[in-house]
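One structure is given below, encoded as structure tokens.
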Amino acid sequence: MHPPQPDITGSRPITMPIYQTSGFAFDDPAVFADALSRPDGAFAYGRYANPTVRALESAVADLEGGVAGIATGSGMGAVNCALLGLLGPGDHLVAQKSLYGGTAAMINELAERFGVSVTYVSGDDPDAFRAAVRSRTRVLYLETLSNPLNHVADLPGMCAAARELGVVSVVDNTYATPMLCRPIEHGADIVVHSTTKYMSGHTDVVGGLTVHADEELWRRVWRFSVELGATADPFASWLTLRGLQTLPLRMERHCANARHLATRLAAHPAVAEVHWPGLPGHPSYELAAKLLPDFGGVLAFDLAGGRAAGERFMKAVRLALLAPSLGGVETLVMHPATTSHRTLSAEELARHGIGEGTVRIAVGIEHPEDLWADLSQALTG
């Protein structure tokens, strides 16, 4: 049986429908063939394109000021599409020293398995990047706000240097979101997001997305993404579209709560250092104040008692949850050295600035005094 399809005329749905189908049927073989050859043709097969997924790609591309996007099944799917779509054996990658653990692990894989050479530089020194560039340098990889210590990349300076030298700049904007920063406006070629985080915002989606400043680069990465099979799911895309509608409101509260907690943590005797760029003592404070209207909803801090103190703290929290990820409405805590950055060696952890007593808090939108009461009792318990 082939159920009939409704023909909607004279009205339109208020929200984007979920096109939960693996493929689409055609009347014209030529249109069918064309649909499989480009990212902006007719819809043919779910691995290539889907109306719900394309709506998400278009929405985030518009937020970021790009020409088009590619939605993927996870944030690492987006990172892999960008890096593997641009790099080949023998190529050279320049990356920011402090990166998300999954990205750092992937870069190590590129080096070990595919012969991609890697140089790490500070994300705020364009001259250091220029000095690192080689004849086969293809990509500069940055994070607007690094995970977990919130180092801020000098996007205008670094991206301008990359463009001058013919290097593609890729910027992970997950922490900042387009509410705080639009890297393409600062010269970035590709912006990467884990839409699992703030974009969806409710801890019920795993997804990723790349946004491209240039149509040719978008088509190049799209071709690889189709081959890789990292395509986003229509239902997950629909949930992310729903979450996007409250992104500005949520980010405002995330940032306000993070400021409240960072200020009070900085004054607590059990805390050695707080890593949040809105505090004057943070090494990226001046750069962050120039680039960002606010400073994000994730903070990290080093406990004076080291690893033992970190373990006691994470066992003692009650309102905050001991859990991975970030960007949802609830506050989450984790120990980067044994979770998000667990694959890194002691030397690599030191390069990232992550200590045994470093704790990361992804601040939710709960009442700030309730959050502080929980953290305070955990610090003194």
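For this structure, a couple of remarks:
- The range 13-57, residues that are basic (Lys, Arg) and either on the phi > 0 side of the Ramachandran plot or touching a residue at least 60 places away in the same chain (Cβ under 8 Å) (or both): Arg38, Arg47
- In the range 231-270, residue farthest from Ala373 (Cα to Cα) [restricted to those that are touching a Gly at 6+ places or on another chain (Cβ under 7 Å) and of a type in the set (Val, Ile, Thr)]: Thr231
- Annotation note: of Glu348, Glu330, the sole residue that is surrounded by 16 or more Cβ atoms within 10 Å (Cβ to Cβ) and of a type outside the set (Lys, Arg) is Glu348.
- In the range 203-228, the residue that is nearest to Leu244 (Cα to Cα) out of those that are surrounded by 24 or more Cβ atoms within 10 Å (Cβ to Cβ) and of a type in the set (S, T, N, Q) is Thr210.
- Assessment of the range 181-189 against the conditions (part of a helix (DSSP H, G or I), under 13 Å from the mean Cα position of the chain (by Cα) and farther than 20 Å from Thr119 by Cα) yields at least one matching residue.
- Filter pass, Ser58 being at pLDDT 95 or above, of a type in the set (Gly, Ala, Ser), surrounded by fewer than 16 Cβ atoms within 10 Å (Cβ to Cβ) and not assigned by TED's automatic domain parsing to the domain that holds Leu344: yes
- Among the candidates Cys181, Cys159, the residue that is over 24 Å from Ala256 (Cβ atoms), among the hydrophobic types (A, V, I, L, M, F, W, C) and either crowded, with 21+ Cβ neighbours inside 10 Å or not assigned by TED's automatic domain parsing to the domain that holds Tyr120 (or both) is uniquely Cys159.
- Given (1) in contact (Cβ under 8 Å) with a residue 12 or more places away in the chain; (2) out of contact with any Gly (no Cβ under 7 Å at 6 or more places or on another chain); (3) of a type in the set (S, T, N, Q), index of the condition Thr331 fails: (2)
- Candidate set from the range 101-156 (those that are in contact with a His (Cβ under 9 Å, 6 or more places away or on another chain), closer than 21 Å to Gly355 by Cα and of a type in the set (Ser, Thr, Tyr)); member that is surrounded by the fewest Cβ atoms within 10 Å (Cβ to Cβ): Ser122
- Flag if Leu322 is of a type in the set (A, V, I, L, M, F, W, C), surrounded by 21 or more Cβ atoms within 10 Å (Cβ to Cβ) and within 22 Å of Leu261 (Cα to Cα): no
- Which listed residue, of Thr240, Thr203, is assigned to a loop (DSSP other than H, G, I, E, B), under 16 Å from the mean Cα position of the chain (by Cα) and either within 30 Å of Ser37 (Cα to Cα) or not assigned by TED's automatic domain parsing to the domain that holds Leu322 (or both): Thr203
- Every residue from the range 265-306 that is within 21 Å of Leu326 (Cα to Cα) and either aromatic (Phe, Trp, Tyr) or part of a helix (DSSP H, G or I) (or both): Leu265, Trp276, Ala288, Phe295, Phe301
The values are calculated or read from the model by the stated rules, or taken from the named source; none is laboratory data. Note that the structure is predicted; figures quoted are calculated from it, not measured. Glycine gets a Cβ as well: all are built from the backbone with ideal geometry, and neighbour counts include every protein chain shown.
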